[in-house]
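Peer 1: I have a structure I would like to understand better, so I am pasting it below and will then ask my questions one at a time.
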Amino acid sequence: MKIILPIAGKGTRLRPHTHVIPKSLIRVAGKPIIDYIIEQIQNINFSEIIFIIGHLGEEIQNYIFKTYNFKMKFIRQYEFKGLGHAIFHAKDCFENDESVLILLGDIIFTADIGKVVELDENQIGVMEVKDARKFGVVMIDKNGNITNMIEKPENPPTNLAISGIYYFKSSFKLFNAIEYIIKEKILTKNEYQLTDAMKRMMYMGEKFKIFYVPEWYDCGEKDTLLETNKIMLTRYATNDRINGSIILPPVFIGKDCVIENSIIGPYVSVSEGSYVKNSIIKNSILGKETSVENTILDKSLIGDNSILSESSRELNIGPDSEIILTK
């Protein structure tokens, strides 16, 4: 079995951060998003991981080479025409017909992937959501077999959203189906969708079952990233005690950080090498080698190597005054 991780996206909803750092390397509770994904699969039996890279792909490649030692391959994607098109870039990596696991590279999830790949059947991870309009959705029969898939429907017929985790018994059948929709120019929302390729496979007689993904967290935009950071901090916080400062758990503080006369937390990640002084920070993520002084932060993302400093105010306020300092 081989694994495909498509991580070529530009992460436009997380700009300006993703102008200089790929989305999969943005840190949540002190760890890059890609680390959470690899943790879910490093104990299963696979022969190779194929990374589909694009925007800032060298950064990802350098990080993976430095951090992991499994067999890996990196394929550059230059045109962005949908998930099906991205996965098709890995076709030449499959000389033999073997199973393939596909994981999207911008989510954090927990699932029993080992159990999934042990079963001899095509499977799609799903989760129940309140608003399925921004997801692909599946319809199933009473036995859990998928009867239809719809990509981001305006009026979702079900609340079973595709989670971005797919397992295929036959890589050849998968790539043949993707090649078919590209050749026939079968597009949905002007893109070659993986859902359309899977529907082609179903038309050709393949069956798909669902498995439930118990935890799935979106890291695609600022608000959802901070919410995911909150959840991960309840598991991975360091909650260090620091003389002269107050730590309000849960808080993650990386290596070689200096924190002076500050209040940190709750729900704060401070990446390695950062410096914080005379500040109050809550519900925020600070990147590597950042410097924050004389500042109050809430619901903030501070990128790597940033410097943020505010000057103190000198005031002379008479009796019965009211002063409101807005943002």
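Peer 1: What's the angle, to the nearest 10 degrees (0 to 90), between helix 194-203's Cα axis and the longest principal axis of the chain?
Peer 2: Long axis of 194-203 versus the principal axis of the chain: about 20 degrees.
Peer 1: Right, another one. Taking the beta-carbon count within 10 Å as an exposure proxy, list 262, 291, 163 from fewest neighbours to most. Spell out each step's value before the answer.
Peer 2: Details: 262 20, 291 17, 163 24.
With the fewest neighbours first, 262, 291, 163 line up as 291, 262, 163.
Peer 1: Once amide H atoms are built 1.01 Å from N in the peptide plane, which residues 5 or more positions from residue 297, or in another chain, come under 5 Å H to H?
Peer 2: Excluding prolines and chain starts, which carry no amide H, the hits are 280, 281, 282.
Peer 1: Please list 128-134, 206-212, 255-261 highest first by mean number of surrounding beta-carbon atoms within 10 Å per residue.
Peer 2: Values: 128-134: 12.6, 206-212: 16.9, 255-261: 14.7.
Packing proxy ranking, top to bottom: 206-212, 255-261, 128-134.
Peer 1: Right, next: Among the aspartates and glutamates, which have Cα under 17 Å from the Cα of residue 134 when same-chain residues fewer than 8 positions away are ignored?
Peer 2: Those aspartates and glutamates meeting the cut-off are 106, 151, 154, 191, 196, 218, 221, 223.
Peer 1: So if each residue of separation counts as 0.36 nm, and I subtract the Cα-Cα distance between residue 310 and residue 186, what length gain in nm does that give? It would help to have the intermediate numbers written out before the result.
Peer 2: On the way: separation 124, 0.36 × 124 = 44.64 nm, distance 5.40 nm.
The residue 310-residue 186 span can extend by a further 39.2 nm.
Peer 1: Using only alpha carbon positions, build the gyration tensor of region 2-218, then give the equivalent ellipsoid semi-axes as the square roots of 5 times its eigenvalues, largest first, whole angstrom.
Peer 2: Details: eigenvalues 127, 76, 69 Å².
Gyration-tensor ellipsoid for region 2-218: 25, 19, 19 Å.
Peer 1: Can you tell me, using C-alpha contacts under 8 Å and at least 6 residues apart, the relative contact order of the chain as a whole percent?
Peer 2: Details: 707 pairs, mean separation 48.3, N = 327.
Result for the chain is 15 percent.
Peer 1: From the cross-link list 222/288; 255/277; 31/91, which pairs have alpha carbons spaced over 26 Å apart?
Peer 2: Details: 222/288 17 Å; 255/277 16 Å; 31/91 31 Å.
Listed pairs above 26 Å: 31/91.
Peer 1: Considering only the other residues whose Cβ falls under 12 Å of the Cβ of residue 293, what net charge follows from Lys and Arg at +1 and Asp and Glu at -1?
Peer 2: -1
Peer 1: If you don't mind, there's one more thing I want to ask. Work through the residues other than residue 17 whose Cβ is under 9 Å from its Cβ and net out their charges, Lys, Arg +1 and Asp, Glu -1. It would help to have the intermediate numbers written out before the result.
Peer 2: Working: positive: 15, 23, 222; negative: 304.
Value of the local net charge: +2.
Peer 1: Here is a follow-up. Go through region 1-90 and name the chymotrypsin sites (Phe, Trp or Tyr not before Pro) that are in a DSSP coil and have 11 or fewer other Cβ atoms within 10 Å of their Cβ. Show your work: numbers first, answer last.
Peer 2: Numbers: sites: 36, 46, 51, 63, 65, 68, 70, 74, 78, 80, 88; in loops: 46, 68, 70, 78, 80.
Sparse-neighbourhood loop chymotrypsin sites (Phe, Trp or Tyr not before Pro): 78.
Peer 1: Helix 57-67 sits at what angle to the longest principal axis of the chain, using alpha carbons and giving 0 to 90 degrees rounded to 10?
Peer 2: Once rounded, the angle reads 80 degrees.
Peer 1: Please determine, in degrees from 0 to 90 and to the nearest 10, the orientation of helix 171-183 with respect to the longest principal axis defined by the Cα atoms of the chain, where the helix direction is its Cα long axis.
Peer 2: Taking the Cα atoms of the chain, the angle to 171-183 is about 90 degrees.
Peer 1: Among the listed pairs 23/73; 152/207; 23/199; 10/73, give every one whose C-alpha distance is greater than 26 Å.
Peer 2: Working: 23/73 19 Å; 152/207 22 Å; 23/199 29 Å; 10/73 20 Å.
Where the Cα-Cα span goes over 26 Å, the pairs concerned are 23/199.
Any read-out appearing in this document is the output of simple, stated calculations on the displayed coordinates, not a laboratory observation. All values reported here derive from a predicted model rather than from experimental measurement. Neighbour counts are summed over all protein chains in view; Cβ atoms, including those assigned to glycine, are modelled from backbone coordinates with ideal geometry.
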